[in-house]
Amino acid sequence: MLKIVITGSTGLIGSRIVELLKGDFEFIQLIEGQIDIREKDGVWKVLKKLDFDILFHLAAYTNVDGAEKEKEKAQLVNVKGTKNVLEAVSQKKKKLIYVSTDFVFDGIRRIGEPPYYEYSKPHPISYYAQTKYEGEKLVKNHAMILRFSYPYRSFFEPKQDFMRRLKSYLEQKRKLQLMTDTIITPTFVDDIAYATKYLFNNFAPEIFHVVGRDSLSPYDAGKLIAKTFTLDESLVEPTTYNEYSKNKANRPQFSEIKTKKNNFYRMKSFEEGLEEIKTQILSSNF
């Protein structure tokens with residue numbers, strides 16, 4: 001059984017991966033307090049004692065708006081932290097998987113783009129995205145790079161993803177102003193877990209897009225959430241990218257991200273993912 005050290009295992013994605021795949025792999029979870037990836041000596045002190053095959057590096061500074069104000073913190077975690085992890089893993093001659101984001105692309109329409117594939121050229125337009133791309137450049141050809149996009153899942157108390165936040169607002173009968181001139185690619189976290197299972201067993205130092213089957217506007221996503229959970233669709237109102245983006249960090253406007261490499265696991269469309277979540281909610285004790 002492969003032994004996998006995982007950082008960020010208590011987060012939205014990592015916790016579900018451990019939950020779903022704990023029977024397939026031996027996970028060694030490095031949680032906050034056990035390791036500070038910003039400290040090179042501390043990273044080596046922890047990792048040199050561990051016996052593992054792969055380090056799955058999910059931990060990151062992910063506050064897109066906050067990164068514009070906390071640039072030093074974002075840089076320390078996403079760039080220096082990644083460098084420290086890479087050096088320690090390389091010293092032990094083990095494998096590294098680095099998690100990145102669709103935000104490394106600018107989302108500007110031009111000939112041939114979007115959609116963005118694994119070979120597309122990144123061009124980050126926010127500081128958060130810049131630090132994640134710097135991390136990619138550090139590990140390129142030394143690690144597997146996985147890019148995720150707008151992850152969502154059924155349950156996760158510590159943090160609401162975009163889908164559960166919109167669903168919660170609709171349940172509270174709050175109006176939602178969602179962009180009609182923007183494209184996102186929602187990705188069901190359970191699919192991320194099962195696709196990652198294959199990648200753990202078939203490691204290659206390449207880039208993979210592990211993303212949902214289709215892309216749509218946030219406005220259409222909101223309408224679909226309302227329809228799936230029998231909520232009031234009239235609460236979903238249109239707005240524009242420019243209006244929504246006021247006083248926020250830049251985000252890719254047309255983030256249609258696809259894959260040329262995922263021929264090993266069928267990812268769900270947003271509609272299929274919502275139906276699966278509906279089933280999970282109905283069959284749970286929550």
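Rule-based calculations on the coordinates, nothing more; no lab input. The model shown is predicted, which means the values in this text are computed figures rather than measured ones. Note that we place each Cβ from the backbone using ideal geometry, even for glycine, and neighbour counts take in every protein chain shown.
Counting alpha carbon pairs within less than 8 Å and at least 6 residues apart, what relative contact order, in whole percent, applies to the stretch 3-281? Normalised by residue count, the contact order of the stretch 3-281 is 21 percent. The angle between the Cα long axis of helix 127-139 and the longest principal axis of the Cα atoms of the chain comes to about 40 degrees, rounded to the nearest 10.
Against the chain, whose longest principal axis is taken from its Cα atoms, helix 81-91 shows a tilt of about 40°. For a straight C-alpha distance cut-off of 17 angstrom, the aspartates and glutamates reachable from K121 (same-chain residues fewer than eight places away being disregarded) are D102, D106, E113, E134, E136, E206, E256. Between K159 and E206, the modelled labels are 2.9 nm apart [label points 7 Å from Cα along Cα→Cβ]. Report which label in (i) 1.18; (ii) 1.81; (iii) 1.00 holds the value of Cα Rg over 2.2 N^0.38 Å derived from the coordinates of this structure. The listed entry that was calculated here is (iii).
With the simple spin-label model, which puts each label point 7 Å out from Cα in the Cβ direction, the K40 to D181 separation comes to 4.7 nm. With 10 Å bins beginning at zero, the pair-distance distribution over Cα atoms of the stretch 75-115 amounts to 23, 35, 22, 18, 2 %. Which links in K69/K137; K227/K248; K93/K260; K22/K71; K223/K258; K94/K159 stretch past 27 Å when you go from one Cα to the other? Beyond 27 Å between Cα atoms: K227/K248; K93/K260; K22/K71; K94/K159. Here D191, D232, D36, D102 are placed in order of increasing Cβ neighbour count within 10 Å, fewest first, which gives D232, D36, D191, D102.
As a ratio to 2.2 N^0.38 Å, the alpha-carbon radius of gyration for the stretch 19-165 is 1.11.
Taking a ≥ b ≥ c as the square roots of the eigenvalues of the Cα gyration tensor, the stretch 127-286 is oblate, since a/c reaches 1.5 or more and a/b is not larger than b/c.
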